[in-house]
Amino acid sequence: MSTTLSALSQWVEQVAQLTQPDAIHWCDGSEAERQRLNAAMLDSGDLLALNPDTHPDCYLHRSSPSDVARVEHLTFVCTTERADAGSNNYWMAPAEAHAKMDALFAGCMRGRTLYVVPYCMGPIDSPLSRCGVEITDSPYVVVNMGLMTRMGAPALQRIEREGHFVKGLHSTGELDPERRFIMHFPEELSIQSFGSGYGGNALLGKKCHALRIASYQARSEGWLAEHMLILGIQTPAGNTHYVAAAFPSACGKTNLAMLIPPEGYQREGWRIFTVGDDIAWMQPGADGRLFAINPEAGFFGVAPGTSAKTNPNALAMLNRSAIFTNTGLDVEGQPWWEGLPGVPAVDWQGRTFDPANGPAAHPNSRFTVSARQCPSWSAESENPVGVPISAIIFGGRRASLVPLVMEAEDWTHGVLMGASMASETTAAATGAVGVVRRDPMAMKPFCGYNFGDYFEHWLSFGDAAAQLPKVFHVNWFRKGSDGRFLWPGFGDNMRVLEWIVGRCEGCAAAIDTPVGRLPATGALRLEGLDLSASTLDQLLAIDHAAWNAELGEVGGFLGEFGARAPAALLDELERRRDLLKARAAA
Ligand code: GTP
Ligand code: SPV
Ligand code: MN
């Protein structure tokens, strides 16, 4: 196979000249190709076959122990003007970045095969979808891209028809953290990643293309590329509302997207459908509503904590044709991670399990699986038009301050809520865990341009679309003085979704506070929950002094973007602070 598109054949030729591979393979995305790649990786030890009785066609991959997560400090946005990348990104001048990467890529594929991976982000026939080609020397990346995207011949046909594509060049190099860079050239619509084989660093269709490059394109083209799950909520009356929710990495998107309602809700006829678990591309439709597609075709989800209790839908999709990365094993050769029953035999580094070495599964160990294997998978995931969004939900991990749920008064207030987000850091990126940091719209690691311009872009939808979604903020992670979570979370988050749907339909009661609308007394359905009145009070309390301090910090944060911080957002913040002061004085 090769291509009729000269821009593509010339680029592949030029990369081959630079990287000097032994062979070039054009991926067609066929089942035969997947099996050949898997067989070769079983031979080389890149993959281990899992128990064929309990987990047919499932494999374990152990990455290099120093290559287990995204590396934000090695991830750059290379715009001509530094200010266009913004203080939210690490920046390097394009010429300097190219020189650095050319030196790393020179000869790096000697003895290896260069794979050409054409892919389509989004339904193959959707006008909202975008294509790219990843060149990689990692067969593990190829099979993961095969699960995570529409990869192969149909994507190549679309690329040849359209004549353009995002160029992604990737090599695992020597997996040396000292020789590792993930570079984005938004003005060239290209990505270069060297020295990592892990997740968002290496599967270039995901964070690099579908968020950093796409967000940059979306700004000039009038759409949004967001770090959001998409789910459908069917009410007993038979209406289906779609909501999109932005939570930072490892803060609950996959779990919410696959939620199973508590039994009482199921009996009444509530159902949840999964459209996406990580990324949403949204565009105003002709009727003024915002329509969303999930650009991905699979899930690259956090393994630890996934259990029959927390996420039975996920467990059910992981017993066949799945790839596990950095989990442990039990004595029967089944994948094992913290949160599963039974005991581990082998840890993520292949050692006999010893608690002295830490957890059996790496905290950022993951599964890769086709979305179609999810029992709650929605056929609307393939709708080329996308799904209409009734509500946008922002959220993060906040042990204190932030209530279980609140609603924004209008779009501008909603954008401020998103821009003010903060969350405790997780194992999804290298670095300290549990440190609260500003993470607007859960896009701190993923926005391909200056956050000031990004907030302005969000505000601009206030004019463009007549029927904007309502905006909410949630926090499943509030802790009591004993350090335990106050809210049961997981399936019980349905109770919060019910209130959100009720607000969209105009039938759920709320009370105003200076920072947002909260459920009125009795408006959250809590029957069947063992939640004391004082716990509920804590979950829904607004501490005016603490919020005043929080909004002061938000002001300082927005100030970092100088003249690029939208005046309308700063005005909205001031209005909120005035309301808080008035309330404190009363
Ligand atoms: P990325 O794939 O990194 O973008 O993560 P994500 O946002 O999809 O997070 P995910 O749903 O995988 O959850 C991450 C961790 O948070 C898991 O260990 C979950 O068990 C835990 N978690 C998810 N939802 C809840 C919840 O409602 N309550 C509590 N306490 N923990 C949760
Ligand atoms: C995240 O970190 O938000 C992820 C995992 O979804 S990765 O693909 O590695 O970025
Ligand atoms: Mn993510």
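Numbers at a glance
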| quantity | calculated |
| --- | --- |
| Inter-part distance where the stretch 521-579 and the stretch 462-489 are each reduced to a Cα centre, Å | 10 |
| Largest-first ordering by accessible area, 1.4 Å probe, given options 581, 207, 444 | 581, 444, 207 |
| Selection from 165, 175, 561 lying farthest towards where the dipole of the chain points positive, charges on Cβ | 561 |
| Spatial separation of Cα centroids for the stretch 250-324 and the stretch 1-52, in angstrom | 30 |
| Surface accessible to a 1.4 Å probe, residue 268 within the full protein complex, Å² | 80 |
| The stretch 12-121: relative contact order in percent, alpha carbon pairs under 8 Å with at least 6 residues between | 44 |
| Residues of type aspartates and glutamates that residue 206 reaches as a straight line, Cα spacing below 14 Å, ignoring anything fewer than 8 places off in the same chain | 134, 226, 277, 278, 296 |
| Alpha carbon centroid spacing (whole Å) that separates the stretch 176-224 from the stretch 365-400 | 21 |
| The stretch 238-364, relative contact order in percent, only Cα pairs under 8 angstrom and at least six apart counted | 17 |
| Mean separation of Cα contacts under 8 Å (6+ apart) over length of the chain, as relative contact order % | 14 |
| Residue-averaged [θ]222 nm for the chain, counting only DSSP H segments that reach four residues, each worth -39500 (n - 2.57) | -8500 deg cm²/dmol |
| Dipole magnitude (debye, nearest 20) for the chain, charges at Cβ of Lys, Arg, Asp, Glu | 420 |
| Cα-centre dipole for the stretch 320-427 with unit charges at Cβ (Lys and Arg positive, Asp and Glu negative), debye to 20 | 220 |
| Protection proxy ranking, peptides 357-363, 404-410, average beta carbon neighbours within 10 Å, highest first | 404-410, 357-363 |
| Ordering of 546-556, 295-305 by packing [mean C-beta count within 10 Å, highest first] | 295-305, 546-556 |
| Exposure of residue 430 as accessible area (Å², to 10), given a probe of 1.4 Å and all protein chains | 70 |
| Rounded accessible area per residue of the stretch 122-189, 1.4 Å, Å² | 32 |
| Carbon + sulfur, % of accessible area of the stretch 493-586 - ligands and nucleic acids excluded, 1.4 Å | 52 |
| Per-peptide average of other Cβ atoms within 10 Å, ordering 43-56, 472-485, 248-261, 329-342 highest first | 248-261, 329-342, 472-485, 43-56 |
| Whichever lysines have a C-alpha closer than 20 Å to that of residue 470, once near sequence neighbours (fewer than 8 apart) are set aside | 253 |
| Dimensionless Rg over Rh [the chain; C-alpha; Kirkwood] | 0.96 |
| The stretch 263-352, accessible surface, carbon-and-sulfur percent (1.4 angstrom probe) | 53 |
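The values are calculated or read from the model by the stated rules, or taken from the named source; none is laboratory data. Source: prediction; values computed, not measured. Cβ atoms come from the backbone with ideal geometry, glycine included; neighbour counts cover every protein chain shown. The protein model used for the area step is the full one, side chains on, heavy atoms only, and it has no ligands, DNA or RNA in it. Shrake-Rupley method; radii C 1.70, N 1.55, O 1.52, S 1.80 Å.
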